[in-house]
Amino acid sequence: MISTRVRFRVGMTVAALAAVAALASPAGAATAPTSFQWTSSGALIGPKPDATHASLAVKDPSVIYVHGKYHVFMTTADGNGWGLATTSFTDWSQAADAPITYLDRSGIGTGYRAAPEVFWFEPQKVWYLVFQDGQGGAYSTTENIDDPLSWSPVGHFYPGGMPDIIQQNIGNGYWVDFFNTCDEENCYLFSSDDNGHLYRSETTVEDFPNGFHNTVVALQDPNRFALFEASNIYKIQRSGQYLLVVEAIGDDGRRMFRSWTGDSLAGQWKPLADTAENPFARSTNVTFDGAPWTQDISHGEVVRHHVNQEMIIDPCEPLQYLYQGLDPAAQAPYGELPYRLGLLTAKGPNPVSAFCKKPSAKTP
């Protein structure tokens, strides 16, 4: 695990902004929450090796709830490479025992595949699975999410190769973790370079999955570990706001998440809970159910009940986040680290739930 001194100071902190707002507010006025607190399950999903898959770890989950079931897509690691797998179950209590299907048995085929994102692309009435395969952003489709062997052969978002702006900034990093979010007119494909840059490309909803262009740096940090990888971008329902979450490596060498909000997918991002002291999710703001089984809160996704291409989360619903963690004592090459999947549940009011606007009580 890489360790470095990280100091997150991107603009004014949420706490400072809240203090200013409090001074300007009438006496007794309520202020919005400025931090997240979570409870965590133990490790819920682990590797299930079989005769042809020597799986050592499960990672990078994407999760939706549809047709009465949770569907989890994940990366598997065997020490020699990465592949994709999926599982489904009706309740989290069943997750540990639910069978895993390796997606190299589908049209996705064998080879390097990792970091999935799943969503229903409503205009085409098709499910998309976005991932990386060594050639940049890749995808597969199916009309039946309940049939894990129905995924199509792989297509690519960047048939012309890596955009120039990424080549100019990637340094010794890696082009990873592709995440697509759409608004009413356009789709935006985000990616990271493990070198302090978050990139954004765009195409129209009509042209998706083709035509991605205008690749720009959407966010950057001079410390590569402060803006590392694993971005998620969601629309906060009824708020006019988007939530951006990006994984960082903390000053203790452990993985964590920072967060921002924005008025549009193509606009500027404002700090939300983005510091080491006030993170989106880190072992320091997580209370574990039982003995803490991980000090890393790493690559994951919000549990989505709204499954289309707009990546909607409802601020009035309990916020849950499926993530990867591992035994703090684990020592192995990166591709052999024994990652498992656990579930965070937000505890108490938080900066996302603050966007919940429930109807006010009627006067008799």
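Laboratory data are not the source of any read-out in this text; all were calculated from the coordinates shown. All of these numbers come straight from a predicted model, not from anything done at the bench. Neighbour counts are summed over all protein chains in view; Cβ atoms, including those assigned to glycine, are modelled from backbone coordinates with ideal geometry.
Excluding E122 itself, calculate the net charge of residues whose Cβ lies under 12 Å from the Cβ of E122, where each Lys or Arg counts +1 and each Asp or Glu counts -1.
On the way: positive: K125; negative: E184, E310.
Taking every Cβ under 12 Å from that of E122, the sum is -1.
Provide the per-residue ³J(HN,Hα) series for region 36-52, in order, calculated from phi with Karplus coefficients 6.51, -1.76, 1.60 and θ = phi - 60°, each as a whole number of Hz, with x at glycine and proline positions.
Values per residue, Gly and Pro as x: 10, 10, 10, 10, 10, 6, x, 5, 9, 10, x, x, 10, x, 9, 4, 10 Hz.
Could you list M311, M74 so that the one with the fewest beta carbons within 10 Å of its beta carbon is first and the one with the most is last? Mind showing how you got there, number by number?
Details: M311 23, M74 29.
So the ranking, lowest neighbour count to highest, is M311, M74.
Once you've got the Cα coordinates, tell me which of K69/K357; K69/K270; K48/K270; K125/K347; K59/K357; K59/K270 are over 31 Å apart. Intermediate values should be presented prior to the final figure.
Working: K69/K357 28 Å; K69/K270 35 Å; K48/K270 41 Å; K125/K347 35 Å; K59/K357 35 Å; K59/K270 29 Å.
Among K69/K357; K69/K270; K48/K270; K125/K347; K59/K357; K59/K270, the Cα-Cα distance tops 31 Å for K69/K270; K48/K270; K125/K347; K59/K357.
Just to confirm a number: summing +1 for Lys and Arg and -1 for Asp and Glu over residues other than S231 whose beta-carbon lies under 9 angstrom from that of S231, what do you get?
Working: positive: none; negative: D177, E229, E247.
In short, -3.
Ignoring solvent entirely, what values of log10 I(q)/I(0) come out of the Debye formula for the chain at 0.07, 0.09, 0.10, 0.13 Å⁻¹ when each Cα is a single scatterer?
-0.28, -0.47, -0.59, -1.03
Could you list which residues have their amide H under 5 Å from that of A57, counting only those 5 or more apart in sequence or on another chain, with H placed in the peptide plane?
The list, which skips near neighbours in sequence, is A77.
Using Cα-Cα distances under 8 Å and only pairs 6 or more residues apart, what relative contact order does region 80-232 have, in percent? Walk me through the intermediate numbers first.
Numbers: 329 pairs, mean separation 23.3, N = 153.
The value is 15 percent.
Can you tell me the relative contact order of the chain? Whole percent, Cα pairs under 8 Å, sequence separation 6 or more. Walk me through the numbers before you get to the answer.
Numbers: 944 pairs, mean separation 79.1, N = 364.
That works out to 22 percent.
Using a Förster radius of 25 Å, what is the FRET efficiency between K347 and D97 based on their Cβ-Cβ separation? Nearest 0.05, please. Intermediate values should be presented prior to the final figure.
On the way: r = 27 Å, r/R0 = 1.07.
Step by step, r from the Cβ atoms, then E = 0.40.
For region 148-161, just list the computed ³J(HN,Hα) in residue order, Karplus coefficients 6.51, -1.76 and 1.60, θ = phi - 60°, integers in Hz, with x standing in for Gly and Pro.
So the J values, rounded to whole Hz, are x, 8, 8, 5, 7, x, 6, x, 10, 7, 10, x, x, x.
Give me Y65, Y334, Y323 sorted ascending by neighbouring Cβ count inside 10 Å, so fewest comes first.
Neighbour counts put them in this order, fewest first: Y334, Y65, Y323.
Ranking D289, D133 by Cβ neighbours within 10 Å, fewest first, what do you get? Please list the in-between numbers first.
Values: D289 13, D133 21.
By the 10 Å Cβ count, ascending, the order reads D289, D133.
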